[in-house]
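Participant: This is the structure, below, for whatever I ask next.
The values are calculated or read from the model by the stated rules, or taken from the named source; none is laboratory data. The structure displayed is predicted, hence computed values, not measured ones. Here the Cβ positions follow ideal geometry from the backbone for every residue, glycine too, while neighbour counts run over all protein chains shown.
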2 protein chains.
Amino acid sequence: MISTSLMAQKSDEDQLKEIYKQSLLNGKSYEWLDYLSNQIGGRLSGSLNAERAVRYTKQELEALGLDRVWLQPVMVPKWTRGVKEYAYVESEPGKTTSVNICALGGSVATPDGGLKTEMVEVKGLEDLKALGESKIKGKIVFFNRPMQADLISTFAAYGGCVDQRYSGAAEAVKYGAVGVIVRSMNLRLDDYPHTGSMGYGELPVDQRIPAAAISTNDAEMLSTMLALDPGLKFYFSQKCRVFPDVESYNVIGEIKGSTYPNEIITVGGHLDSWDLGDGSHDDGAGCVQSMEVLRLLKESGYTPKRTIRVVLFMNEENGLRGGNKYAEVAKEKGENHVFALESDAGGFTPRGFSFDSDAKNYERILAWKPLFEPYLIHLFEKGGSGADIGPLKGDGTVLAGLRPDSQRYFDHHHAENDTFEHVNKRELELGAATMTSLIYLIDKYGIVQGAKIKG
Amino acid sequence: MISTSLMAQKSDEDQLKEIYKQSLLNGKSYEWLDYLSNQIGGRLSGSLNAERAVRYTKQELEALGLDRVWLQPVMVPKWTRGVKEYAYVESEPGKTTSVNICALGGSVATPDGGLKTEMVEVKGLEDLKALGESKIKGKIVFFNRPMQADLISTFAAYGGCVDQRYSGAAEAVKYGAVGVIVRSMNLRLDDYPHTGSMGYGELPVDQRIPAAAISTNDAEMLSTMLALDPGLKFYFSQKCRVFPDVESYNVIGEIKGSTYPNEIITVGGHLDSWDLGDGSHDDGAGCVQSMEVLRLLKESGYTPKRTIRVVLFMNEENGLRGGNKYAEVAKEKGENHVFALESDAGGFTPRGFSFDSDAKNYERILAWKPLFEPYLIHLFEKGGSGADIGPLKGDGTVLAGLRPDSQRYFDHHHAENDTFEHVNKRELELGAATMTSLIYLIDKYGIVQGAKIKG
């Protein structure tokens, strides 16, 4: 550790160097993630594991000696998968082929004993109307548009497909469909089904139809089988249930600003995850990196001028209740949120940031690019930030999202193989250091609000 | 496929877009790598697998319909590991703890029945002199300086440690050491020993001492045990042998230049690999990417002005005979090599290139940076290129190396876990497209030689 008086003399170059060094040599993020992933595991909102994760991260933040650590209550939905889903293709009675599926988050169960009927394949929501009720009624609709592999950003490819998952059931039911099977949002061909949220809109509970994701390998096979035998039957059984909302928490810790304590800088990720894997990339990584930001600032002896707050949001995956609650409370209290940064794109090698910012602040931030070049951080794009901090938008808050390399993200996203061994320690630590560096610069130089800068 | 007449009108932006699209949608690199890794496997020079790899890649290049495909004979060393190495720590007679080691490439065997004696730990070659013969004679020297984790480039960290592996035995024997154990060149703590080349210099064969790498986890354990009990004994047994040199081949294919056939642009990787894994990252990836460069140029209907040559070099790992032979033959024939690009840093997300170039050509290349930005290729640094193309240096040849993200490379380098499943298809394909794009631009705009540009 270096004394505060020495630190005060550091150039920005030296401060960033120290931040990266400490993250890579003495970082805590990987150890925290190991615990979250391997000792706790998948942390779906409303589950016991989610509550264990709240308790664990609160303890760890308290151990850092921050100025204040607290839990912010929030009511969250509670959906459970129940016993493992089961599905097969039946080409003639008794001749069956198993396929890998998982219920989509929020889906209803199949009828007792499962659902077996004919199937119709489409490439997207827009195909439903062309087919019409005559071809869809009484059948299962199979949404099979793959992610577009020639897009460089896999998030763009995800954005171009995920309407099938989110709205497939709500749209198909209008034409009399009795169930929905959706190709997993995965660019790889493999055997993992990928879950994720779906919604029924205003559809009454008794009209809802079950929806599941199928692995990409099985989607390919199923499509081939359907081409050969359009009359084949598809069977699936899932036992998911919705329970009444339960109370959970955002976990929050802060270092009080020495000069402008009322200017708040938030850094966070979401503590909940889907239930299939252990949520290491989505978003255990973002949580431990955000915790590490405060630890690195503290350990390096830097005294923030502004209040730096870590927020581990609950319920990003199937409700965004934590993000909404945090913004709501901030508004009630009249807090001045000058900047918020989210890490929710995996624990991969950091490439840069995306900024949701006015032109003036974006320009100021761009001037820091050379400071990041030694760390191969090149991407400073305008765009979105993160779902959890989105509700803070407005009133001059500058929002940002960490942008790690996206190529491998959807191999793991929402699937059984989103697990700790797929996170590289150095990549995680480089992400934490990159976030800390940005927060340091924002704290030191401030954000322009209206005409004034506090710097 | 797009017709040649249409292609001729393409802007550079459109040509690059087409290259990336084809690599990501219809690429062959991943399929080739699957075969090289899973159907052939580790391909140490002089082994049967190396010859199978020569035959396979020649066939595949022939199937591409290039203008010419041939084998360039080269004599290579033949070193074999023999039966698996065996090692333990003995804290008292009969009380033993197994550790994971592997012989370093080129090492001699231990005496029959193995070698068991006391051990002395050092942090590098420079410690030997200080200890002197009195503390070293008759013992095994344990080189245990770890790679420096706070360097952003893991290759820099490797460069700072690898002298222990390469020269440890040759230096320790001067003080009477009877064997050498070297901490694996790996930033992770895990159980894999990492092999790699070592040399004895001019030391006569009968004075050579055996050298092995130990896994990082076991290096840590061993260091702790030695601190507690400096008198403990270390046992290891390895059966490696050197055979007379054998004939092998560089595999070469080319598209003849339409306008300047005598200007040669070379792109390559090395076909040999260490024997422990299947050599997917080192350097199966570089081979299939280089093959893909010619395939993508051909498939896209682009007609190169210059001769584009793919070279799969033999024996990079323990001799560089292939690289030296290629340059030697080029010189004999008076060939004009204007540019050479090597991919030998793993099949990870490409970040850019390193150029070994005069200032004028480097400046010309830098002007293409904006073309690469949509593909997140930002790094255009001056520096080294690749070992195999190094011997081409001089006479105005501009050299370049692909620079993929380096964070995970040394987790796998020269170890049992350098295997196909650790290569991401998209990352590999993005690398191939990035290389193809550079070769396209070099071909189109030429290289300044002396005062003239042919463009």
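Participant: Can you tell me which of (1) surrounded by 24 or more Cβ atoms within 10 Å (Cβ to Cβ); (2) more than 14 Å from chain B (Cβ to nearest Cβ); (3) touching a Phe, Trp or Tyr at 6+ places or on another chain (Cβ under 9 Å) is the one A:N315 doesn't meet?
Facilitator: (3)
Participant: For B:G386, state whether it is closer than 29 Å to B:P193 by Cβ and not in a strand (DSSP E or B).
Facilitator: In short, yes.
Participant: With respect to A:F353, determine if the residue is within 14 Å of chain B (Cβ to nearest Cβ), crowded, with 19+ Cβ neighbours inside 10 Å and not small (G, A, S).
Facilitator: Answer is yes for this residue.
Participant: Just for the stretch A:318-337: of the residues that are part of a helix (DSSP H, G or I) and within 20 Å of the chain's Cα centre (by Cα), which one is surrounded by the fewest Cβ atoms within 10 Å (Cβ to Cβ)?
Facilitator: Looking at residues that are part of a helix (DSSP H, G or I) and within 20 Å of the chain's Cα centre (by Cα), I get A:N324.
Participant: Okay, moving on. If you check every pair at least six apart or on different chains, which have Cβ atoms under 8 Å apart with a residue in the stretch A:258-272 that is within 22 Å of A:G346 (Cα to Cα) first and a residue that is basic (K, R) second?
Facilitator: Cβ pairs passing all conditions: A:I265/A:R306; A:I265/A:R309; A:T266/A:R309; A:V267/A:R309; A:L271/A:R43; A:D272/A:R43.
Participant: Checking A:I389 against (1) surrounded by fewer than 20 Cβ atoms within 10 Å (Cβ to Cβ); (2) hydrophobic (A, V, I, L, M, F, W, C); (3) under 15 Å from the mean Cα position of the chain (by Cα), which test does it fail?
Facilitator: Checking A:I389 against (1) surrounded by fewer than 20 Cβ atoms within 10 Å (Cβ to Cβ); (2) hydrophobic (A, V, I, L, M, F, W, C); (3) under 15 Å from the mean Cα position of the chain (by Cα), the one that fails is (1).
Participant: Further question on the same structure: Looking at B:S385, B:S290 in this structure, which one is touching a Ser or Thr at 6+ places or on another chain (Cβ under 7 Å) and without any contact (Cβ under 8 Å) to a residue 60 or more places away in the chain?
Facilitator: Result of the check over B:S385, B:S290: B:S385.
Participant: What helices (runs of 4 or more DSSP H), lying completely within the stretch A:1-64, carry at least 3 residues that are acidic (D, E) and at pLDDT 95 or above?
Facilitator: Values: elements: A:4-8, A:12-26, A:29-34, A:48-63.
Counting at least 3 such residues, we get A:12-26, A:48-63.
Participant: Tell me which residues, restricted to the stretch A:89-98, are touching a strand residue (DSSP E or B) at 6+ places or on another chain (Cβ under 8 Å) and either buried (at least 18 other Cβ atoms within 10 Å of the Cβ) or not in a strand (DSSP E or B) (or both).
Facilitator: Hit for the stretch A:89-98 is A:V89, nothing else.
Participant: B:F410 fails exactly one of the following numbered conditions: (1) out of contact with any Ser or Thr (no Cβ under 7 Å at 6 or more places or on another chain); (2) more than 26 Å from A:F155 (Cα to Cα). What is the number of that condition?
Facilitator: Checking B:F410 against (1) out of contact with any Ser or Thr (no Cβ under 7 Å at 6 or more places or on another chain); (2) more than 26 Å from A:F155 (Cα to Cα), the one that fails is (1).
Participant: Just checking, does the stretch A:165-182 include any residue being of a type in the set (S, T, Y) and under 30 Å from A:N250 (Cβ atoms)? Walk me through it before giving the result.
Facilitator: Residues of the stretch A:165-182 that are of a type in the set (S, T, Y), as a first pass: A:166-167, A:175.
In the following step, the residues that additionally are under 30 Å from A:N250 (Cβ atoms) were identified as A:166-167.
Yes, the stretch A:165-182 has at least one match.
Participant: Looking only at the stretch B:99-110, decide whether some residue is crowded, with 21+ Cβ neighbours inside 10 Å, among the hydroxyl-bearing types (S, T, Y) and assigned by TED's automatic domain parsing to the domain that holds B:A212.
Facilitator: yes
Participant: Output the number of residues of the stretch B:352-383 satisfying the condition of being among the basic types (K, R) and in a strand (DSSP E or B). Please lay out each step first, then the result.
Facilitator: Filtering the stretch B:352-383 down to residues among the basic types (K, R) leaves B:360, B:364, B:369, B:382.
From what is left, the residues that are in a strand (DSSP E or B) are B:382.
Going through the stretch B:352-383 one residue at a time, the tally reaches 1.
Participant: Looking at the stretch A:357-414 only, could you name the residues that are away from chain B (no Cβ under 11 Å) and of a type in the set (V, I, T)?
Facilitator: Across the stretch A:357-414, the qualifying residues are A:I365, A:I389, A:T397, A:V398.
Participant: Quick check: is even one residue across the stretch B:174-188 in a helix (DSSP H, G or I) and in the same structural domain as B:V99 (by TED's automatic domain parsing)? Please lay out each step first, then the result.
Facilitator: As a first pass, look at the stretch B:174-188 and keep what is in a helix (DSSP H, G or I): B:174-175.
Those left that are additionally in the same structural domain as B:V99 (by TED's automatic domain parsing): B:174-175.
Yes, the stretch B:174-188 has at least one match.
Participant: A further question follows. Just wondering, is there one or more residues in the stretch A:206-218 that are of a type in the set (V, I, T) and surrounded by fewer than 22 Cβ atoms within 10 Å (Cβ to Cβ)?
Facilitator: no
Participant: Taking the condition touching a residue at least 60 places away in the same chain (Cβ under 8 Å) and part of a loop (DSSP other than H, G, I, E, B), does B:G82 pass?
Facilitator: Spelling it out, B:G82 is indeed touching a residue at least 60 places away in the same chain (Cβ under 8 Å) and part of a loop (DSSP other than H, G, I, E, B).
Participant: Still on this structure, please answer the following. Mind listing whichever residues of the stretch A:338-351 are in contact (Cβ under 8 Å) with a residue 60 or more places away in the chain, part of a strand (DSSP E or B) and under 22 Å from the mean Cα position of the chain (by Cα)?
Facilitator: Initial filter on the stretch A:338-351 (in contact (Cβ under 8 Å) with a residue 60 or more places away in the chain): A:338-350.
If we keep only those that are part of a strand (DSSP E or B) as well, we get A:338-342, A:350.
Within the stretch A:338-351, A:F339, A:A340, A:L341, A:E342, A:P350 qualify.
Participant: Additional query: Select from the stretch A:135-162 the residues that are assigned to a helix (DSSP H, G or I) and touching a helix residue (DSSP H, G or I) at 6+ places or on another chain (Cβ under 9 Å) and write down the one among them that is nearest to the other protein chains (Cβ to nearest Cβ).
Facilitator: A:T154
Participant: Which condition from (1) of a type outside the set (K, R); (2) touching a residue at least 24 places away in the same chain (Cβ under 8 Å); (3) more than 13 Å from chain B (Cβ to nearest Cβ) is the one that A:G334 breaks?
Facilitator: (2)
Participant: Going by the conditions given, is A:I209 out of contact with any Asp or Glu (no Cβ under 8 Å at 6 or more places or on another chain), assigned to a loop (DSSP other than H, G, I, E, B) and β-branched (V, I, T)? Steps first, please.
Facilitator: Values: out of contact with any Asp or Glu (no Cβ under 8 Å at 6 or more places or on another chain): yes; assigned to a loop (DSSP other than H, G, I, E, B): yes; β-branched (V, I, T): yes.
Against the criterion (out of contact with any Asp or Glu (no Cβ under 8 Å at 6 or more places or on another chain), assigned to a loop (DSSP other than H, G, I, E, B) and β-branched (V, I, T)), A:I209 qualifies.
Participant: Among the residues that make up the stretch A:115-127, is at least one of them among the small types (G, A, S) and buried (at least 16 other Cβ atoms within 10 Å of the Cβ)?
Facilitator: No, because not a single residue in the stretch A:115-127 is among the small types (G, A, S) and buried (at least 16 other Cβ atoms within 10 Å of the Cβ).
Participant: Check B:G41 against each of (1) touching a residue at least 60 places away in the same chain (Cβ under 8 Å); (2) at negative phi; (3) surrounded by 13 or more Cβ atoms within 10 Å (Cβ to Cβ) and name the one condition it does not meet.
Facilitator: Status for B:G41: all satisfied but (2).
Participant: Among the residues of the stretch A:298-312, is there at least one that is hydrophobic (A, V, I, L, M, F, W, C), under 17 Å from A:S343 (Cα atoms) and part of a helix (DSSP H, G or I)?
Facilitator: First, the residues of the stretch A:298-312 that are hydrophobic (A, V, I, L, M, F, W, C): A:308, A:310-312.
In the following step, the residues that additionally are under 17 Å from A:S343 (Cα atoms) were identified as A:308, A:310-312.
Cutting the leftovers down to part of a helix (DSSP H, G or I) gives us none.
No; the residues of the stretch A:298-312 include none that is hydrophobic (A, V, I, L, M, F, W, C), under 17 Å from A:S343 (Cα atoms) and part of a helix (DSSP H, G or I).
Participant: Let me ask another. Go over the candidates B:A227, B:A213 one by one and state the one that is without any contact (Cβ under 8 Å) to a residue 12 or more places away in the chain and of a type outside the set (D, E, K, R).
Facilitator: B:A227
Participant: On the basis of being in contact with a strand residue (DSSP E or B) (Cβ under 7 Å, 6 or more places away or on another chain), buried (at least 22 other Cβ atoms within 10 Å of the Cβ) and assigned to a helix (DSSP H, G or I), does B:L430 make the cut?
Facilitator: yes
Participant: Can B:S300 be described as closer than 24 Å to B:L16 by Cβ, in contact (Cβ under 8 Å) with a residue 60 or more places away in the chain, crowded, with 24+ Cβ neighbours inside 10 Å and of a type in the set (G, A, S)?
Facilitator: Taking the combined requirement at face value, the residue does not satisfy it.
Participant: Name the residues in the stretch B:364-382 that are more than 19 Å from A:L379 (Cβ to Cβ) and either aromatic (F, W, Y) or surrounded by 14 or more Cβ atoms within 10 Å (Cβ to Cβ) (or both), would you?
Facilitator: Once the filter is applied, which keeps residues that are more than 19 Å from A:L379 (Cβ to Cβ) and either aromatic (F, W, Y) or surrounded by 14 or more Cβ atoms within 10 Å (Cβ to Cβ) (or both), the stretch B:364-382 yields B:R364, B:I365.
Participant: Is it true that B:A345 is closer than 15 Å to B:A285 by Cβ and within 11 Å of chain A (Cβ to nearest Cβ)?
Facilitator: So B:A345 fails the test.
Participant: Taking only the stretch A:398-422 into account, find how many residues are surrounded by 24 or more Cβ atoms within 10 Å (Cβ to Cβ) and of a type in the set (V, I, T).
Facilitator: Total meeting the criteria: 1.
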